[in-house]
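K.L.:
Before I ask anything, let me first share the structure, which is written out below as structure tokens.
FYI, it's all coordinate maths here, none of it is from the lab. This is a predicted model, so every value here is computed, not measured. Note that we place each Cβ from the backbone using ideal geometry, even for glycine, and neighbour counts take in every protein chain shown.
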Amino acid sequence: MLIDEFLNMTKKISLAMKLLGFAAFIYLAGLMSATFAWIYVQKWLTTPLAISEQGYRYELKAGQSLGHLAYALGRDQVIQHPRLLRLYARLTELNKVHAGEYFFPQGTTPEMLLDKLAKGDVVLYQVTFVEGWTYKQALNALTKVDAVKLQLAGKTEQEQIALLNIPVTQLEGWIFPDTYSFSRNTSDVEIVQGAYQKMLSLLNAEWEKRAADLPYKSSYEALIMASIIERETGHHSERDQIAGVFVRRLQQGMKLQTDPTVIYGMGERYQGRIRRADLEEATDYNTYVIQGLPPTPISLPSAASIRAALNPAPGKALYFVAKGDGTSEFSETLAQHNQAVRRYQLNRSSDYRSAPPPAK
């Protein structure tokens, strides 16, 4: 009896050991499989995708998920295991992606791709509004960037103001000249609104720091003056001096008599030359005829021109003329100025000058 019980116990122990060994084997095999799978995933994550030298561009539209991009990558044979990309992103919480246009250069790995998507590292485009341009030129520059969503083009100025929803009656001068970066499908409305806010902020800040006894009734008049200075300046170092000349003319009740305002008033009629008849034509912008400032700015003034308009250089000069090398000759009297005009301008092909025309 004791022998039978001993044999039965022995059989049970033997069976238990066999079962335990099998379970250990299964556990070990599973652990090894998981390890090899993780090693494979890590290698896959850091292996460059099949992207050509031209790179791979994809626009993830608003409302689309990572799955849309994964499908496109698989369809275009750029990535192996697109489902694995989605699964890994979900497990690592990298599946929350930002809409926009993405560019993946050659050498991009799945890991780099997911990081770019998670950060919203979209393709950025740029447009530059040049100092001294008109608003019309700035708007035209926007139409040449195909990434911009055009809403202002073809509209009247009043329709544009309504779309922009900014408190102005005209747009000339209100767009700050700078380089602006934006993603695809950003509207021209958004870009112009940003440029307006930048100009408004700068103008308000500089207005608070203005010199005393300036002949401006408002910051807008200072903006008009800055736009004239911008168009008159041939050399950056002379902005303050030119501002001083114009401020003294206003203070003394003199006409500004500045050619860029005449050119602006001529519009499309200007073909590179100002003739005496143009200087005598009565228009709202002909400062040889009107007293004081023109009704609006004539260009997009830079920050430097705004600061010059609000902090002009002291002195006695009331006239200046371009010397032809980018600098100007400043004069205190009309007689001195007429001599400078004869010296620097009358023998040149252009009769561009910022001064009263020489006496007949």
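K.L.:
Work out how much length Gln251 to Leu334 would gain on full extension: take 0.36 nm times their residue separation and subtract the Cα-Cα distance, in nm to one decimal. Show your work: numbers first, answer last.
P.N.:
On the way: separation 83, 0.36 × 83 = 29.88 nm, distance 1.70 nm.
Length gained between Gln251 and Leu334: 28.2 nm.
K.L.:
Shifting gears a bit: Return the loop-located trypsin sites (Lys or Arg not before Pro) in the stretch 60-162 (DSSP other than H, G, I, E, B) with at most 16 other Cβ atoms within 10 Å of their own Cβ; answer none if there are none.
P.N.:
Details: sites: Lys61, Arg75, Arg83, Arg86, Arg90, Lys96, Lys116, Lys119, Lys136, Lys144, Lys149, Lys155; in loops: Lys61, Lys96, Lys144, Lys155.
Answer by residue number: Lys61, Lys96, Lys144, Lys155.
K.L.:
Something else: What are the aspartates and glutamates whose alpha-carbon lies under 19 Å from the alpha-carbon of Lys43, with same-chain residues fewer than 8 places away excluded?
P.N.:
The qualifying aspartates and glutamates are Glu111, Asp115.
K.L.:
Below 14 angstrom from the Cβ of Gly100, what's the summed charge of the other residues (Lys, Arg +1; Asp, Glu -1)? Intermediate values should be presented prior to the final figure.
P.N.:
Values: positive: Arg57, Lys61, Lys96, Lys116, Lys119, Lys149, Arg184; negative: Glu59, Glu101, Asp121.
It works out to a net charge of +4.
K.L.:
If the chain between Arg57 and His236 were fully stretched, how many nm would it gain, using 0.36 nm times the residue separation less the Cα-Cα distance? Write out the running numbers ahead of the final one.
P.N.:
On the way: separation 179, 0.36 × 179 = 64.44 nm, distance 4.22 nm.
Extending this stretch completely gives an extra 60.2 nm.
K.L.:
Could you tell me the center-to-center distance, by alpha carbons, between the stretch 112-136 and the stretch 323-342 in angstrom?
P.N.:
Using only Cα atoms to place each centre, the spacing works out to 44 Å.
K.L.:
Using only Cα atoms, locate the centre of the stretch 290-319 and the centre of the stretch 59-94, then give the distance between them in Å, rounded to an integer.
P.N.:
So the two Cα centres are separated by 57 Å.
K.L.:
I've got another one for you. From the square roots a ≥ b ≥ c of the eigenvalues of the alpha-carbon gyration tensor of the stretch 56-119, which class results: rounded (a/c under 1.5), prolate (a/b over b/c), or oblate? Kindly include the intermediate steps, with their values, before the conclusion.
P.N.:
Values: a/c = 1.24, a/b = 1.04, b/c = 1.20.
It is rounded, given that a/c, with a ≥ b ≥ c, falls under 1.5.
K.L.:
Put +1 on the Cβ of every Lys and Arg and -1 on every Asp and Glu Cβ in the stretch 212-344; which of Tyr344, Ile228, Gly292 then has its Cα farthest towards the positive end of the dipole?
P.N.:
Ranked along the dipole, the leading option is Tyr344.
K.L.:
Fully extended, how many nm does the chain gain between Ala282 and Ala304 (0.36 nm per residue separation, minus their Cα-Cα distance)?
P.N.:
On the way: separation 22, 0.36 × 22 = 7.92 nm, distance 3.10 nm.
Going from the current span to full extension adds 4.8 nm.
K.L.:
So how strong a dipole does the stretch 107-196 carry about its Cα centre when Lys and Arg Cβ are +1 and Asp and Glu Cβ are -1, to the nearest 20 debye? Write down the numbers at each step before the final one.
P.N.:
Values: 7 positive and 11 negative charges, 35 e Å.
Using Cβ point charges on Lys, Arg, Asp and Glu, the stretch 107-196 gives about 160 debye.
K.L.:
Taking the Cβ of Leu164 as the center, what net charge do the other residues with Cβ under 13 Å away carry, scoring Lys and Arg +1 and Asp and Glu -1?
P.N.:
Values: positive: Lys155; negative: Glu157, Glu159, Asp188, Glu190.
Its environment carries a net charge of -3.
K.L.:
Let me ask something else about it. Put a dot 7 Å past each Cα toward the Cβ at Arg83 and Lys217; how far apart are the dots in nm?
P.N.:
Taking the two extended label points, one gets 7.6 nm.
K.L.:
Another question, if that's okay. Can you tell me the FRET efficiency between Thr109 and Ser183 if r is taken as the Cβ-Cβ distance and R0 is 22 Å, rounded to the nearest 0.05? Please list the in-between numbers first.
P.N.:
Details: r = 24 Å, r/R0 = 1.07.
Plugging the Cβ-Cβ distance into 1/(1 + (r/R0)^6) gives 0.40.
K.L.:
Greater than 29 Å separation of Cα atoms is the criterion. Which listed pairs, Lys136/Lys316; Lys116/Lys155; Lys144/Lys209; Lys116/Lys136; Lys209/Lys323; Lys217/Lys255, meet it? Display every interim value, and only then the final one.
P.N.:
On the way: Lys136/Lys316 36 Å; Lys116/Lys155 38 Å; Lys144/Lys209 38 Å; Lys116/Lys136 37 Å; Lys209/Lys323 32 Å; Lys217/Lys255 17 Å.
Pairs exceeding 29 Å: Lys136/Lys316; Lys116/Lys155; Lys144/Lys209; Lys116/Lys136; Lys209/Lys323.
K.L.:
Label-point separation (nm) for Tyr71 and Thr169, each offset 7 Å from Cα along Cα-to-Cβ?
P.N.:
5.5 nm
K.L.:
Another question about this same structure. Residues of the stretch 114-132 with backbone nitrogen within less than 19 Å of a virtual label 7 Å along the Cα-to-Cβ line of His98, please, listed as ranges.
P.N.:
Inside the label zone: 114-127.
K.L.:
If contacts are Cα pairs under 8 angstrom and at least 6 residues apart, what is the relative contact order of the stretch 108-176 in percent?
P.N.:
25 percent
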